[in-house]
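Each remark here refers to the structure printed beneath this line.
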Amino acid sequence: MDNTQIIKTAIKALSDKKAVDIFAVEVADLTIVADTFVMAGGTSSTHVRALADEVEYQLSQQGIEPHHIEGKNTGWILLDYTGVVIHIFSQQAREFYSLERLWADGKQIDVSQYIDAEDK
């Protein structure tokens, strides 16, 4: 599966589970860590875990397993799919780390194209 399909599946899963402020940015020209970061917020620690579980489940259904997972019991869960890294934050953690600001030089991806893709 290519990165675009991982991004689409992750964003759709996050949207379906009512994630807050879904944001995606291409960072391939800025770092060797990943090609794309997807970020989203949850309204509680339970919601953050549920969002991460849903993304992991939906990608697993397509035969894609994460390379690494960090922070399952914290306010910031990171799902590493090598080319795509998905960050799911509590409101507090998202404001504190402000990854959108840190990666502002990257090319922002219009996430609505993935959320609305099945509705068209």
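The values are calculated or read from the model by the stated rules, or taken from the named source; none is laboratory data. What you see is a predicted model, and the numbers here were worked out from it, not measured in a lab. Methodologically, a virtual Cβ is constructed for each residue, glycine included, from the backbone with ideal geometry; neighbour enumeration extends over all protein chains shown. Note: accessible area is taken over every heavy atom of the protein model, side chains too, but ligands, DNA and RNA are not part of it. Shrake-Rupley method; radii C 1.70, N 1.55, O 1.52, S 1.80 Å.
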Seminar exercise, completed: Of (1) part of a loop (DSSP other than H, G, I, E, B); (2) at pLDDT 95 or above; (3) over 13 Å from the mean Cα position of the chain (by Cα), MET1 fails just (2)
For this session: Look at ILE69 and say whether it is closer than 25 Å to TRP103 by Cα, surrounded by fewer than 16 Cβ atoms within 10 Å (Cβ to Cβ) and of a type outside the set (Phe, Trp, Tyr).
Result: yes
Seminar exercise, completed: The condition from (1) more than 15 Å from ALA19 (Cα to Cα); (2) at pLDDT below 95 that ILE64 misses is numbered (2)
Problem set entry | Residue, most open to solvent (accessible area, probe 1.4 Å), within the stretch 4-30, restricted to residues that are closer than 20 Å to ILE77 by Cβ and among the hydroxyl-bearing types (Ser, Thr, Tyr) | SER15
For this session: Within the stretch 100-120, track down each residue that is buried (at least 17 other Cβ atoms within 10 Å of the Cβ) and modelled with pLDDT of 90 or more.
Result: TRP103, GLY106, ILE109, VAL111
Exercise. Taking the condition within 14 Å of the chain's Cα centre (by Cα) and either closer than 17 Å to LYS12 by Cβ or modelled with pLDDT under 95 (or both), does ALA50 pass?
Worked result: yes
For this session: Evaluate the following for ILE64: is it of a type outside the set (Asp, Glu), in contact (Cβ under 8 Å) with a residue 24 or more places away in the chain, closer than 20 Å to ASP110 by Cα and surrounded by 15 or more Cβ atoms within 10 Å (Cβ to Cβ)?
Result: no
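Yes/no matrix, rows are residues, columns are (1) over 24 Å from ASP105 (Cα atoms); (2) touching a residue at least 24 places away in the same chain (Cβ under 8 Å); (3) in a strand (DSSP E or B); (4) within 12 Å of the chain's Cα centre (by Cα):
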{"position": "ILE7", "(1), (2), (3), (4)": "no, yes, no, yes"}
{"position": "PHE23", "(1), (2), (3), (4)": "no, yes, yes, yes"}
{"position": "GLU54", "(1), (2), (3), (4)": "yes, yes, no, yes"}
{"position": "SER60", "(1), (2), (3), (4)": "yes, no, no, no"}
{"position": "ASP80", "(1), (2), (3), (4)": "no, yes, yes, yes"}
{"position": "ILE86", "(1), (2), (3), (4)": "no, yes, yes, yes"}
{"position": "PHE89", "(1), (2), (3), (4)": "no, yes, yes, yes"}
Problem set entry | Enumeration of residues in the stretch 31-52 that are more than 17 Å from LEU99 (Cβ to Cβ) and surrounded by 15 or more Cβ atoms within 10 Å (Cβ to Cβ) | HIS47, ARG49, ALA50
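Looking at the stretch 91-120, which of its residues are charged (D, E, K, R) and in a strand (DSSP E or B)?
Across the stretch 91-120, the qualifying residue is only LYS107.
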